[in-house]
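The values are calculated or read from the model by the stated rules, or taken from the named source; none is laboratory data. Only a predicted model underlies this, so the values are computations on that prediction, with no experimental measurement involved. Cβ placement follows ideal geometry from the backbone for every residue including glycine, while neighbour counts extend to all protein chains displayed.
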Amino acid sequence: MSIEDPHQPLRPMRLLLVADSLNVGGAEQHVVSLASALAQKGYRVTLACTVGGALAPLAEQAGVLVRPLLRHLVKRRLSPTFAWKLTRYIRQGNFDLVHAHMYASAIASASATLGTGIPLVITEHSQASWRSHYARRCSQWSYQRATHIVAVSKEIRRRLIEQDGVAHEHISVIMNALSPMPEVHMDEQPDLPIGLGNGPLVGVAARLQAEKGVAYFLEAAACILQYVPHAHFLVIGDGPLHQELQAYADLLGVQEHVHFLGFRLDARALISLLDVLVVPSLSEGTPLVTLEAMTAGVPVVASAVGGIPEQIRHRCEGLLVPAKDAMALADAVLQLLQDPLWAQKLGEAGRQRTLSHFSFARMVQETEAIYHAALGWQTRSDIEQRELDNPLAERGR
């Protein structure tokens, strides 16, 4: 006999989550994990996107209906075609609520829900430092259309209020959390490049674009190798700067020690093999990669930007340094490589912090609460509480 969850709606909620794509990335991974968890809890979940990607099968395996609407990727720009296709899909789909993630999807969803009466929730994943004046105005319009906005860090909430004029009561902070990792058999170790030897492994896992600061990681690697010549450096991820960064590694003379692995579905397993994870970002939301390292007990050296200081406390779970400072990155990594007992202590503290502060189940529940509030829906627990508060009124119905 199944036990009903008292916090579920009285009938399955029909949800449409919208993302730019299902390519591998922190925001995309969050969307797929959230959609999958909601589907497994009994919601009817559809995930619309401009194009699919490597993460699409993971959502489908969890019972999420994935619907790519275009043949080409739309990202960081306004797309009338995406908005039009999404409008048609929403009006045919009988959805209760739309939850948009990322810039292009937020704009398209704000347009597509006009005149429908369907509540719109937007999750803001980044500080959006890349936005032009026009893009910022488009974002502000979408925020005005939203019933509620989720910020993945307090820093993003501050930006929404101070720069974008969003009323504080329309914003909730829900920190990103890492979904449970499927069990991996002991013989399913990730493939590593040949010739790494027994030296320490330092890595970065990010989309290769400017705001991720990978160039500063390469400069730090050149400095570290002067003191730890047997160290090796992994660059996990792909993106528009892949070839440029490889050329820069050649220019710095570190090409024999820096290994560009490209996109890897087993990135989480690779991170667990590192001695130090570096997050050299110039701007961030609350990156999942830091939580992946912390969960694995891997110490982190990261830029003190965005929501990272809300995840990692300096010298408690990792080391924080100023952005755009390769020497500070190198110095912090060297401190950990030269004191492995301290590095191990920081890694274990990070693992404990993820368990106590970044619960995936709590993140999902807080998101559900926003859906219920946006719709004004009652759950079984709402009705039971009302009966306790005023039993005579209920009996008189």
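A few points about this structure:
- Unmet criterion (only one of (1) over 26 Å from Gln140 (Cβ atoms); (2) surrounded by fewer than 15 Cβ atoms within 10 Å (Cβ to Cβ); (3) not charged (D, E, K, R)) for Gly63: (2)
Yes/no matrix, rows are residues, columns are (1) closer than 19 Å to Ser105 by Cα; (2) assigned to a helix (DSSP H, G or I):
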site	(1), (2)
Ala19	yes, no
Val31	yes, yes
Ala37	no, yes
Cys49	yes, no
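- Test: residue in the range 322-333 that is of a type outside the set (A, V, I, L, M, F, W, C) and closer than 18 Å to Ser153 by Cα: no
- Ala110 of a type in the set (A, V, I, L, M), surrounded by 21 or more Cβ atoms within 10 Å (Cβ to Cβ) and not in a strand (DSSP E or B): yes
- Val51 fulfils the conditions (1) under 13 Å from Val18 (Cα atoms); (2) buried (at least 18 other Cβ atoms within 10 Å of the Cβ) except for a single criterion, (2).
- Residue among Lys85, Lys75, Lys41 that alone is among the basic types (Lys, Arg) and either closer than 24 Å to Gly239 by Cα or surrounded by 22 or more Cβ atoms within 10 Å (Cβ to Cβ) (or both): Lys75
- The criterion of being closer than 16 Å to Met175 by Cβ, among the charged types (D, E, K, R) and not assigned by TED's automatic domain parsing to the domain that holds His148 holds for Glu317.
- Residues (basic (Lys, Arg) and either under 17 Å from Gly52 (Cβ atoms) or outside any helix (DSSP H, G or I) (or both)) located in the range 74-96: Lys75, Arg76, Arg77, Lys85
- Out of Leu69, Leu55, Leu34, one residue alone is touching a Leu at 6+ places or on another chain (Cβ under 9 Å) and either touching a residue at least 60 places away in the same chain (Cβ under 8 Å) or β-branched (Val, Ile, Thr) (or both). It is Leu34.
- Taken together, Leu196, Leu178, Leu225, Leu252 contain a single residue that is at pLDDT below 95, over 24 Å from the mean Cα position of the chain (by Cα) and surrounded by 12 or more Cβ atoms within 10 Å (Cβ to Cβ), which is Leu196.
Here is a yes/no grid of residues against (1) at pLDDT 95 or above; (2) of a type in the set (A, V, I, L, M); (3) not assigned by TED's automatic domain parsing to the domain that holds Ala326:
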site	(1), (2), (3)
His170	yes, no, yes
Val184	no, yes, yes
Gln209	no, no, no
Ala215	yes, yes, no
Ala220	yes, yes, no
Asp238	no, no, no
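- Checking each residue in the range 231-257 for being within 13 Å of Val202 (Cα to Cα) and either among the small types (Gly, Ala, Ser) or not in a loop (DSSP other than H, G, I, E, B) (or both) picks out Ala231, His232, Phe233, Leu234, Val235, Ile236.
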